[in-house]
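Following: one structure in structure tokens, then a few remarks.
The values are calculated or read from the model by the stated rules, or taken from the named source; none is laboratory data. These numbers were taken from a predicted model, which means no experiment stands behind them. Heads up, the Cβs are rebuilt from the backbone with ideal geometry, glycines too, and the neighbour counts pull from every protein chain shown. Accessible surface is based on the protein model in full, side chains and every heavy atom, while ligands, DNA and RNA are left aside. Shrake-Rupley method; radii C 1.70, N 1.55, O 1.52, S 1.80 Å.
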Amino acid sequence: MPNKKLKHHIKLPRHLIAMVFMKQGESNQEEDTEMPNRDVIPKNLPKVVGGGEVKKKNVQADGRNRRALGDIGNLVTVPAVGAKLQTNVSRPITRRLASQLTTAKGQEPVQKNKKKPIVEVTKGVAARKVGVPTKAEATKKDYVKAKAEIITVICPDEDVKTVEEIPLNVRTVKKSGKTLTSILTARSKAACGLSNKPRIQIVDIDAADVDNHLAAVEYVEDLYKFYKHTEDEHRPRDYMDSQPEINARVRAILVDWLIEAHKRFELRSESLYLTVNIMDRFLSEETVLGRELQLLCISSMLIACKYEEIWAPEVNDFLTITDNAYVRDQILVMEKAILGKLEWYLTVPTPYVFLVRYIKAAVLSDQEMENMTFFLAELGLMNYTTVISYCPSKLAASAVYAARSTLNKSPRWTDTLKHHTGYSEDQLMECAKQLVSFHLDSGAAENKLKAVYRKFSSPDRGAVSLLPPARDLHIGSYR
């Protein structure tokens with residue numbers, strides 16, 4: 001007899017059996033799911049009434065290999081929350097599982113500077129990577145890119161700009177290492193004439209006098225800046241038109257006589273240059289008669305000697321060299337008149353002040369060059385046009401340049417001389433030519449004013465006046 005209870009068990013509805021499996025699958029969502037207990041479904045079903053067996057239409061013989069009815073291909077592999085990805089787990093997609101998938105996806109580390117292709121799945125369309133163009137789109141973009149990549153090249157190193165169209169896919173990039181800033185800087189220097197210029201070398205001419213307190217090394221640069229700034233304030237103006245009884249020739253005779261008197265008294269060079277300056281400045285302010293010109297000369301020298309000399313000549317000494325043409329009171333009255341007109345201002349930058357500095361700036365100067373420089377400077381001192389046309393610093397610098405040219409010094413003008421004088425070679429050329437022409441005329445037989453020539457023809461002056469003048473300079477007569 002068949003068992004009635006078993007028969008009643010077998011007749012459970014099929015949808016109920018499916019619900020049992022579904023219940024069991026949902027209860028194990030937080031861990032790996034095993035197949036349903038094989039005890040739920042017996043392996044061998046009992047025979048039913050009529051002597052036959054129940055056909056195993058939807059049941060496999062071994063429950064160990066059976067899968068849940070809910071597994072119809074919509075399960076995905078998902079890791080547990082906070083756990084690593086497990087590839088062998090299958091679950092049905094639920095709301096909670098979807099939220100876990102989103103959380104797990106957001107926790108994945110993102111690699112810097114690397115974008116992972118996103119796979120876009122569209123129903124009825126083959127999967128492709130988002131952002132990756134298709135073959136047709138790539139062909140279209142390449143055509144547009146090749147058309148747009150036409151550049152204009154302007155050569156920055158040429159004066160004439162050339163325009164050339166070069167496709168980028170054909171152009172070859174040369175790494176020159178030059179930046180835009182370096183190119184602009186180079187072009188600016190070239191426009192200013194600073195490119196490929198040798199380095200300027202300036203010698204410290206005061207290095208040897210650091211321990212000499214009388215040299216005033218700490219202040220010498222400032223002193224000469226002041227001299228150059230104020231030299232025009234104390235220059236004589238053109239006074240020939242305002243003097244009825246004097247001209248350039250008469251003035252040259254007076255200066256020639258002063259040089260003879262200066263040599264006879266064996267005075268310092270500073271006294272000669274200051275004497276001529278005082279005389280010219282007074283003539284610029286006051287009209288002097290012809291008979292008083294020599295009186296003006298000796299009175300000016302008396303003032304200069306009192307200012308420059310340690311032992312100045314006395315008034316009687318000046319009366320002697322004039323053969324007593326004047327009396328003592330006349331000299332004193334003229335002295336007072338000169339000082340009053342010049343407002344007692346005697347500290348002025350004469351050519352001698354600059355000569356001393358510029359000869360020192362010649363660095364390799366010797367006694368011969370020094371004598372030649374003073375010889376040419378005193379020749380210029382006698383010429384009225386030279387004194388009026390050129391300031392004392394330019395006259396001194398031109399004398400140094402003319403002396404170096406006469407003695408064939410090389411180079412004729414150095415960076416050190418240019419730095420200390422403030423004049424270039426071109427700026428001194430005109431005045432230097434005049435001084436060389438005076439050198440040529442000083443030894444001429446028809447020239448009667450030979451005081452400077454005789455002074456520098458003596459052996460103690462190196463006989464520099466006997467040397468031939470610089471022939472390579474253009475020589476003309478400026479008398």
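Mind listing whichever residues of the range 273-303 are surrounded by fewer than 19 Cβ atoms within 10 Å (Cβ to Cβ) and without any contact (Cβ under 8 Å) to a residue 40 or more places away in the chain?
Residue satisfying the conditions is 291 alone.
Quick check on residue 250: is it more than 13 Å from residue 381 (Cβ to Cβ) and of a type in the set (A, V, I, L, M, F, W, C)?
Details: more than 13 Å from residue 381 (Cβ to Cβ): yes; of a type in the set (A, V, I, L, M, F, W, C): yes.
Yes.
Just to verify a result, which residue in the range 232-267, among those that are outside any helix (DSSP H, G or I) and under 21 Å from residue 453 (Cβ atoms), is least open to solvent (accessible area, probe 1.4 Å)? Don't jump to the end; show me each part of the working.
First pass over the range 232-267, keeping only residues outside any helix (DSSP H, G or I): 235-239, 243-247, 266-267.
Next, only the ones that are under 21 Å from residue 453 (Cβ atoms) stay: 266-267.
Numbers: 266: 154, 267: 24 Å².
Applying the filter and picking the extreme gives 267.
List every residue pair whose Cβ atoms lie under 7 Å apart, where the two residues are 6 or more positions apart in sequence or sit on different chains, the first residue falls within the range 208-219 and is within 12 Å of residue 360 (Cβ to Cβ), and the second residue, located anywhere, is surrounded by 13 or more Cβ atoms within 10 Å (Cβ to Cβ) and of a type in the set (A, V, I, L, M).
Qualifying pairs under 7 Å: 209/215; 209/217.
Looking at the range 413-427, I want the residues that are in contact (Cβ under 8 Å) with a residue 12 or more places away in the chain and farther than 9 Å from residue 202 by Cα and have a partner that is in a loop (DSSP other than H, G, I, E, B) and open to solvent by less than 40 Å² (accessible area, probe 1.4 Å) with Cβ atoms under 6 Å, at least 6 apart or on another chain. Which pairs are those?
425/413
If we scan the range 326-334, do we find a residue that is within 46 Å of the chain's Cα centre (by Cα) and either small (Gly, Ala, Ser) or assigned to a helix (DSSP H, G or I) (or both)?
For the range 326-334, residues within 46 Å of the chain's Cα centre (by Cα) and either small (Gly, Ala, Ser) or assigned to a helix (DSSP H, G or I) (or both): absent.
Of all residues in the range 316-332, count the ones that are surrounded by fewer than 17 Cβ atoms within 10 Å (Cβ to Cβ), touching a helix residue (DSSP H, G or I) at 6+ places or on another chain (Cβ under 9 Å) and not polar (S, T, N, Q). Before you say what the answer is, go through the steps one by one.
Start the filter on the range 316-332 by keeping residues that are surrounded by fewer than 17 Cβ atoms within 10 Å (Cβ to Cβ), which leaves 316-317, 320, 322-325, 327-330, 332.
Still in the running and touching a helix residue (DSSP H, G or I) at 6+ places or on another chain (Cβ under 9 Å): 316-317, 322, 325, 327-328, 330, 332.
If we keep only those that are not polar (S, T, N, Q) as well, we get 317, 325, 327-328, 332.
Number of matching residues: 5.
Of the residues that sit in the range 209-231 and are open to solvent by less than 100 Å² (accessible area, probe 1.4 Å), aliphatic (A, V, I, L, M) and part of a helix (DSSP H, G or I), which one is nearest to residue 287 (Cα to Cα)?
It comes out as 223.
Only one of these is assigned to a helix (DSSP H, G or I) and under 23 Å from residue 371 (Cβ atoms): 271, 284. Name it.
271
Answer yes or no: is there a residue in the range 297-309 that is within 15 Å of residue 239 (Cα to Cα), in a helix (DSSP H, G or I) and either at pLDDT below 95 or touching a Lys or Arg at 6+ places or on another chain (Cβ under 9 Å) (or both).
Scanning the range 297-309 turns up no residue that is within 15 Å of residue 239 (Cα to Cα), in a helix (DSSP H, G or I) and either at pLDDT below 95 or touching a Lys or Arg at 6+ places or on another chain (Cβ under 9 Å) (or both).
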